1. Looking at Ile205, is it part of a strand (DSSP E or B), touching a Pro at 6+ places or on another chain (Cβ under 9 Å) and under 28 Å from Arg56 (Cα atoms)?
2. For the stretch 350-380, which residues satisfy the criterion of being of a type in the set (Asp, Glu) and without any contact (Cβ under 8 Å) to a residue 40 or more places away in the chain?
3. Of all the residues that make up the stretch 356-369, how many are under 23 Å from Leu84 (Cβ atoms) and touching a strand residue (DSSP E or B) at 6+ places or on another chain (Cβ under 8 Å)?
4. Would you tally the residues in the stretch 316-362 being touching a helix residue (DSSP H, G or I) at 6+ places or on another chain (Cβ under 8 Å), hydrophobic (A, V, I, L, M, F, W, C) and over 18 Å from Ala34 (Cα atoms)?
5. How many residues, within the stretch 220-229, are more than 10 Å from the ligand (Cβ to nearest atom) and more than 13 Å from Ser340 (Cβ to Cβ)?
6. Between a first residue in the stretch 53-64 that is near the ligand (Cβ under 6 Å from one of its atoms) and a second residue that is among the hydroxyl-bearing types (Ser, Thr, Tyr) and assigned to a strand (DSSP E or B), which pairs have beta carbons less than 7 Å apart while being 6 or more apart in sequence or on different chains?
7. What number of residues within the stretch 335-355 satisfy the criterion of being outside any strand (DSSP E or B), more than 10 Å from the ligand (Cβ to nearest atom), on the phi < 0 side of the Ramachandran plot and in contact with a strand residue (DSSP E or B) (Cβ under 6 Å, 6 or more places away or on another chain)?
Amino acid sequence: MALPGVSRDEPRAGYDTVIIGAGVQGLAIAYELAKRGHGDVLVLDRSWPGSGASGRNGELIRSAFSSREWCDLFELSRRKWLTLSQELGVNLLFNRTGYAVVASTEEQWQQCRDDWAFQESRGIPSELLDQQQARRLLPAANPDLVRGAVIQQEAGFAHHDSVVAGYLENAARMGVHVVAGERVTGLLRAGDAVVGVETARGRRIRARIVVNASGGDALAVNELVDLSMPLVAARLEMIVTQPVRPFLTPGVAALELLGYCHQTGRGEFVGGTELPRVDATTSLNGTWTVLQDMATKFVRLFPLLAGVRLLRHWAGTVSQTPDLAPVMGPVPEIPGYLLSVGWVYGFMGAPAAGQLLAEYIATGETDPRLRPFGIERTRSGEWIREGSLVVDAELEAEEAR
Ligand SMILES: Cc1cc2nc3c(=O)[nH]c(=O)nc-3n(C[C@H](O)[C@H](O)[C@H](O)COP(=O)(O)OP(=O)(O)OC[C@H]3O[C@@H](n4cnc5c(N)ncnc54)[C@H](O)[C@@H]3O)c2cc1C
């Protein structure tokens, strides 16, 4: 049975916009375009909608970052998250439990204080919690790992499958054509411009705009137009445990552990950690190394998890740039080809990215919040400095080499 919103009709010969990838990014763009009366959109996915990282992520949402670029983009997104369930008419299970970035060392605590002061200066709502307050917020946490925190109250986590379904059903209701099981294998060219796509089933579909929103496969799609940019496909892994009694209210990003986690309403603990290197692969196999890393670190952070059974362990892939920020917008030398790639925090960022890219496609105007994420920085090397991420800072590693 097809997912609600997925069409059984054959794609037509042409559309205004063709989006490659029915993840949260591609579907958010499609929905926002249709909302603006630009519903002549085809979304193609080689598999089923949400089969990529959009259905495999940690579901966490915040806008309390440390750089102007990230704060501005993700604050737009966070504000959209607050009303997205009502707007889509679908319960996205957005839990406003708060999201705490937790410091364990004096250095990280200083970073939290600096980040909080910066957030305040940009009007991003967040609170600084000293050691006592942070330990009260996280009573089950190992006190040795809690030096302080920055918490954003109106943030938290949402259910990723509901979010994909919400965007999908609403986009389809407004006329967007979503086709599953159709892989894009070529891009049609007219001179330098991209003017459509070719699929594995031999279809040739013309379009004014083609959007690469193919997640971990973004590099392979870029290769179809010989576009090379500093982007790697990387694997991330997560675990979920059997339900345990409620012990954790907010979402947590633990800087010391390169880890992020939350507890669901059913009591399952959901978390993921990073190794201090990029796991460059498109494989979806979980690894023993990361499983061990996650189990060790989370038991260290929450000792009550010792002995709790795992329900699942899985992997997903993203594409990432050296500064871990997305690349969105046009490619000047390839008219008609638009990027929404390099997303490592692309679940929380989707509502804003969808809106800003749809506005660009519909009007040609680039919102100031979108501009810093253009392809130019990957060419000039003027990377965005975002210091509050819990993924490996490849940029720093690269510079240190
Ligand atoms: C373990 C893990 C934890 C994460 N935790 C968080 C988190 O807590 N918060 C957060 O904000 N983000 C998180 N992320 C990142 C987030 O999931 C991604 O940034 C986001 O889902 C990217 O969405 P997307 O639509 O760009 O890509 P995807 O969801 O990967 O979608 C891309 C789609 O493109 C399709 N596709 C690929 N190639 C082709 C082709 N040639 N033709 C047609 N279709 C194609 C794929 O089938 C796929 O469905 C996490 C990711 C992982 C893996």
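The values are calculated or read from the model by the stated rules, or taken from the named source; none is laboratory data. Values in this document were obtained by computation on a predicted structure and should not be read as measured data. With ideal geometry, Cβ positions are generated from the backbone for all residues, glycine too; neighbour counts draw on all protein chains shown.
1. Against the criterion (part of a strand (DSSP E or B), touching a Pro at 6+ places or on another chain (Cβ under 9 Å) and under 28 Å from Arg56 (Cα atoms)), Ile205 does not qualify.
2. Glu365, Asp367, Glu376
3. 4
4. 10
5. Here the count works out to 6.
6. Ala53/Thr317; Gly58/Tyr260; Leu60/Tyr99; Leu60/Tyr260
7. Within the stretch 335-355, residues that are outside any strand (DSSP E or B), more than 10 Å from the ligand (Cβ to nearest atom), on the phi < 0 side of the Ramachandran plot and in contact with a strand residue (DSSP E or B) (Cβ under 6 Å, 6 or more places away or on another chain) number 1.
Residue by residue, here is whether (1) over 16 Å from the mean Cα position of the chain (by Cα); (2) near the ligand (Cβ under 8 Å from one of its atoms); (3) at positive phi holds:
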{"residue": "Asp9", "(1), (2), (3)": "yes, no, no"}
{"residue": "Val24", "(1), (2), (3)": "no, yes, no"}
{"residue": "Arg36", "(1), (2), (3)": "yes, no, no"}
{"residue": "Val41", "(1), (2), (3)": "yes, no, no"}
{"residue": "Ser51", "(1), (2), (3)": "no, yes, no"}
{"residue": "Phe74", "(1), (2), (3)": "no, no, no"}
